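Single-structure report; data block below.
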Amino acid sequence: MPYRTDIAYVYDGSFDGLLCCVFESYYKRELPFAIFDYNAEQESLFARREILTNPENAKRVENSIIEKISRDALELVRMCYLSNTSERELAILNFLRMGYKIGGGVVDMLAHDTVRPITKAARNVGGEAHLFKGFLRFSDFGGTLAAVFEPKNFILPLIAPHFCDRLANEDFLIYDKNHNYVFTQQKGKKQLLPLEHFELPEACETEKAYRQLWKQFYNTIAIEGRINPKLQQGMMPKRYRTHMTEFL
């Protein structure tokens with residue numbers, strides 16, 4: 001019986017929901033021409049199927065990836081899911097279908113048209129997460145540290161553990177302005193929550209003084225004869241500077 005291809009999947013945007021799309025594709029013998037979440041729903045002349053998130057089915061797919069492909073494949077899928085790559089869901093489905101056929105070696109087939117988009121997206125996510133671990137700037141608001149940033153990819157779940165380790169005894173929050181999510185650590189309790197709108201209050205005089213001291217330090221250590229704006233932009237692109245104290 002041939003696979004049905006004239007259908008699109010609509011899911012809730014969660015990683016478990018995406019794994020349920022994979023489960024549905026195999027169970028219903030369907031190869032959807034598109035997979036998109038409710039917030040990005042598109043008009044189509046073809047049939048659409050709403051895929052409900054079932055944690056049990058999601059766990060079955062996750063276990064099958066580990067057993068039949070590899071843990072590395074699961075990590076690649078997770079990283080790609082966090083990317084802003086267009087049609088990432090369909091790319092993940094195609095990658096997994098290939099992986100189920102040939103096994104763990106699929107992660108090494110970097111030049112293959114089905115594997116390349118996954119590895120490229122994963123590298124992009126990992127690279128951006130690495131840079132923001134150094135570029136994120138916190139300000140003190142009444143004893144709570146707060147930072148705002150605007151990443152291309154949804155890297156907040158990746159960088160949050162880093163700051164939990166570095167600021168283990170502090171209350172803090174990180175707001176992702178592009179994806180409308182906030183991570184908070186308060187009295188040891190950690191949460192990742194959707195947040196439609198967030199604005200920091202006006203900085204107090206003490207915080208403003210610390211910011212000025214940081215700017216002065218940044219300018220003081222610069223060697224005038226070695227200032228190279230082109231190189232600086234290559235190492236620290238302008239899109240990272242929007243919320244960095246030394247560039248405000």
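Could you work out the Rg to Rh ratio of region 42-188, with Rh taken as the Kirkwood radius (inverse of the mean 1/r over all Cα pairs)? Walk me through the intermediate numbers first.
On the way: Rg = 18.2 Å, Rh = 17.4 Å.
Looking at region 42-188, the ratio lands at 1.05.
Every pair of different Cα atoms in the chain enters the Kirkwood calculation, which places the hydrodynamic radius at 20.6 Å. Taking Cα atoms only, the orientation of helix 116-135 departs from the longest principal axis of the chain by about 20 degrees.
Of Thr184, Thr220, how do they rank once you tally other Cβ atoms within 10 Å and put the fewest first? Intermediate results must be reported in sequence, preceding the final value.
Details: Thr184 18, Thr220 7.
Listed from fewest to most nearby Cβ atoms, that is Thr220, Thr184.
For region 136-247, how big is the tail of P(r) above 19 Å, as a whole percent of Cα pairs? So the pairs more than 19 Å apart make up 53 percent of the total in region 136-247.
The GluC sites (Glu not before Pro) of region 138-227 meeting both criteria, a DSSP state outside H, G, I, E and B (loop) and at most 15 other C-beta atoms within 10 angstrom of the site's C-beta, are Glu170, Glu196, Glu199, Glu202.
At 0.890 mPa s and 25 °C, plugging the Kirkwood radius over alpha-carbon pairs of region 7-126 into Stokes-Einstein gives what diffusion coefficient in µm²/s?
For these conditions, the coefficient is 172 µm²/s.
How many percent of DSSP beta bridges within region 136-247 run antiparallel, rounded to 5? List each step's numbers first, then the result.
On the way: 14 of 19 bridges.
If we restrict to bridges inside region 136-247, about 75 percent are antiparallel.
Using a Förster radius of 45 Å, what is the FRET efficiency between Tyr38 and Glu246 based on their Cβ-Cβ separation? Nearest 0.05, please.
Numbers: r = 40 Å, r/R0 = 0.88.
Taking R0 as 45 Å, the efficiency between Tyr38 and Glu246 is 0.70.
Pairs spanning more than 25 Å between alpha-carbon atoms, out of Lys133/Lys208; Lys68/Lys189; Lys208/Lys230; Lys28/Lys59; Lys68/Lys152; Lys59/Lys177: Lys68/Lys189; Lys208/Lys230; Lys68/Lys152; Lys59/Lys177.
Using only Cα coordinates, the Kirkwood hydrodynamic radius of region 120-194 works out to 12.5 Å.
Rounded to the nearest 0.05, what FRET efficiency is calculated for Cys164 and Thr220 with R0 set to 41 Å and r the Cβ-Cβ distance? Don't skip to the end; give the middle numbers.
Values: r = 32 Å, r/R0 = 0.77.
Between Cys164 and Thr220 the formula returns 0.85.
Taken together, the values in this text are just the output of simple stated rules run on the coordinates, not laboratory data. In this text, all values refer to a predicted model and were calculated from it rather than measured experimentally. Ideal geometry is used to build each Cβ from the backbone, glycine not excepted, and the neighbour counts take in all protein chains shown.
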